[in-house]
Amino acid sequence: MTRETPTTPARGWRLPSTGVSLPEVHGSIAIPRGAGFWRKLFAFAGPGYLVAVGYMDPGNWATDLAGGARYGYTLLSVIMMSNLMAILLQALAARLGIASGRDLAQACRDSYSRPAVIGLWILCEIAIAACDLAEVLGSAIALNLLFGLPLIWGVTLTACDVLIVLFLQNQGFRYVEALVVCLILAIAGSFSVELWLSRPELAAVAAGFIPRSEILRNQEMLYIAIGILGATVMPHNLYLHSSIVQTRMYTDSHESRREAIHFASIDSALALMFALFINAAILVMAAATFHGTGHQEVADIGDAYQLLSPLLGSTMASALFAIALLCSGQNATLTGTLAGQIVMEGFINLRIRPWLRRLITRGVAIVPAIIVVALYGERGTSPLIILSQVVLSLQLPFAVFPLVMFTSDPAKMGSFANPPWVKVLAWAVAVIIAVLNVWLLYLTFV
């Protein structure tokens, strides 16, 4: 049977008190029966790419540029490990949504006390606002670089992107996914050309993927590393993924849900490999172009834009950089809209009009952005973007620990609970994230 009602909860899960996640698109995309592997993979493909755009948003640009310019290829290992963590955690989020029929926010509301739920909701809203802040500033900077639009006007203009999201979602969820994939391909194409122009040393790039203890000892390097972690593994993406995987019309049978988990995991892993390529490409380009050439302090997106063409000897370099930045910022706004709706409905069971929800979220991000731009101009934007990514990282444990707990509990997940080896890896990732955040706070304040 098709999923006209919420998926039957796994053994021991509290029965849902409200409806399905994202009801307007829930179970709206058909899965061909009896089709081969590739047709089914195509039918399930999409949610992973919506999640992946959050891993290549303008917040990543600031941290990757700073890491590459200051420390060369050293922090490539952080990007790689962060991406591997993301692949594991997003697979767990998909497993939770498909096996239980509840997104992560709904699962928290079903399992925790009201005060705990309110606290988790507030923390998640802070994370979304921090992510939105990076998107606002990134898009405004791109508009300024390409068209000379003043930053304040660019920041204000980004509030209008809510219309794009609402229009596409009303046309069908596949249209949202198609736009996201097109923008990802545009970003990947731009940075493929940038890498070719920058001509990095391949041996040095390969060595950069080997972890070094120096990262933990150097406070400034650790700050950038945790910023990369926060920009790569995003807490609200876990809530988002556990919801949008339920847009597929799999059935309530055990085999159908197992198949859906399998294809959803492949989809997110492939999509996140695009994110790994783009994040690594930004850092490699910055390392090859700025590190060791007298431009080690370049961490500002505007400075990078101005220097790329003269240093690489091509006017195309700066233009492609700005176009990719604009695509990145607009792409991330699509997922921010959906994530905001999911956490508000899931945690506190409050439904408001999507356009109003988006304007509230964007307003929270616009106010500090306008203040910083007005007081410090363009120079104040990059430190604010990096700070927003560290804030994201500090919110991670509050999303990761509940996710690992839920997916590891047979009483809640039944036969879909994490096998022992996945449970060990998941708890190890959760602990590593928590310890790194404690270490950052210690170095910062003590």
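Worth a mention:
- Only one entry in 320, 312, 325 is at pLDDT 70 or above, farther than 14 Å from residue 146 by Cβ and not β-branched (Val, Ile, Thr), namely 312.
- Restricting attention to the range 118-136 and to residues that are surrounded by fewer than 21 Cβ atoms within 10 Å (Cβ to Cβ) and β-branched (Val, Ile, Thr), the residue that is modelled with the lowest pLDDT turns out to be 126.
- Per-region count, the range 62-83, residues β-branched (Val, Ile, Thr) and either farther than 21 Å from residue 51 by Cα or touching a Ser or Thr at 6+ places or on another chain (Cβ under 8 Å) (or both): 2
- Of all residues in the range 240-268, those satisfying the criterion of being out of contact with any helix residue (DSSP H, G or I) (no Cβ under 7 Å at 6 or more places or on another chain) and closer than 12 Å to residue 27 by Cα are 249, 251, 252.
- Qualifying residue in the range 200-218 (condition: open to solvent by less than 40 Å² (accessible area, probe 1.4 Å), closer than 30 Å to residue 290 by Cβ and not hydrophobic (A, V, I, L, M, F, W, C)): yes
- Residues within the range 57-89 that are open to solvent by 10 Å² or more (accessible area, probe 1.4 Å) and of a type outside the set (Ser, Thr, Tyr), tallied: 8
- Of the residues making up the range 176-199, those that are surrounded by fewer than 17 Cβ atoms within 10 Å (Cβ to Cβ), closer than 15 Å to residue 319 by Cα and either in contact with a Gly (Cβ under 9 Å, 6 or more places away or on another chain) or of a type in the set (Ser, Thr, Tyr) (or both) number 1.
- Residue check, residue 350 open to solvent by 10 Å² or more (accessible area, probe 1.4 Å), modelled with pLDDT of 75 or more and not in a helix (DSSP H, G or I): yes
- Conditions (1) over 30 Å from residue 106 (Cα atoms); (2) aliphatic (A, V, I, L, M); (3) not in a loop (DSSP other than H, G, I, E, B); number of the one not met by residue 298: (3)
- The single condition from (1) out of contact with any strand residue (DSSP E or B) (no Cβ under 7 Å at 6 or more places or on another chain); (2) modelled with pLDDT of 80 or more that residue 58 fails is (2).
- Selected residue [out of contact with any His (no Cβ under 6 Å at 6 or more places or on another chain), more than 26 Å from residue 108 (Cα to Cα), touching a residue at least 60 places away in the same chain (Cβ under 8 Å) and open to solvent by less than 20 Å² (accessible area, probe 1.4 Å)] from 342, 282: 282
- Residue 402 being crowded, with 19+ Cβ neighbours inside 10 Å, modelled with pLDDT of 90 or more and within 19 Å of residue 123 (Cα to Cα): yes
- Only one of the listed residues (407, 361) is within 24 Å of residue 158 (Cβ to Cβ), under 21 Å from the mean Cα position of the chain (by Cα) and either of a type in the set (Ser, Thr, Tyr) or at pLDDT 75 or above (or both). That residue is 361.
- Restricting attention to the range 80-102, the residues being in contact with an Asp or Glu (Cβ under 9 Å, 6 or more places away or on another chain) and not small (Gly, Ala, Ser) number 2.
- In the range 25-43, the residues that are modelled with pLDDT of 85 or more form no Cβ pair under 9 Å with any partner that is of a type in the set (Val, Ile, Thr) and open to solvent by 60 Å² or more (accessible area, probe 1.4 Å), whether six or more places apart or across chains.
- In the set 110, 132, only one residue is of a type in the set (Asp, Glu), part of a helix (DSSP H, G or I) and over 16 Å from residue 236 (Cα atoms); that residue is 110.
- Top-ranked residue of the range 165-206 - restricted to ones that are part of a helix (DSSP H, G or I) and among the acidic types (Asp, Glu), ranked as nearest to residue 337 (Cα to Cα): 177
- Residues of the range 220-265 satisfying the condition of being within 19 Å of residue 58 (Cβ to Cβ), among the β-branched types (Val, Ile, Thr) and not in a loop (DSSP other than H, G, I, E, B): 224, 226, 228, 232
- Residue selected from the range 319-333 under the condition in contact with a helix residue (DSSP H, G or I) (Cβ under 7 Å, 6 or more places away or on another chain) and open to solvent by 10 Å² or more (accessible area, probe 1.4 Å), by the criterion nearest to residue 105 (Cα to Cα): 330
- Some residue of the range 139-162 being in a helix (DSSP H, G or I), at pLDDT 85 or above and in contact with a Phe, Trp or Tyr (Cβ under 6 Å, 6 or more places away or on another chain): yes
The values are calculated or read from the model by the stated rules, or taken from the named source; none is laboratory data. Since the model is a prediction, treat every value here as computed from it, not as a measurement. Please note: Cβ atoms are built from the backbone with ideal geometry, for glycine as well, and neighbour counts cover all protein chains shown. SASA here: full protein model, heavy atoms, side chains in, ligands and nucleic acids out. Shrake-Rupley method; radii C 1.70, N 1.55, O 1.52, S 1.80 Å.
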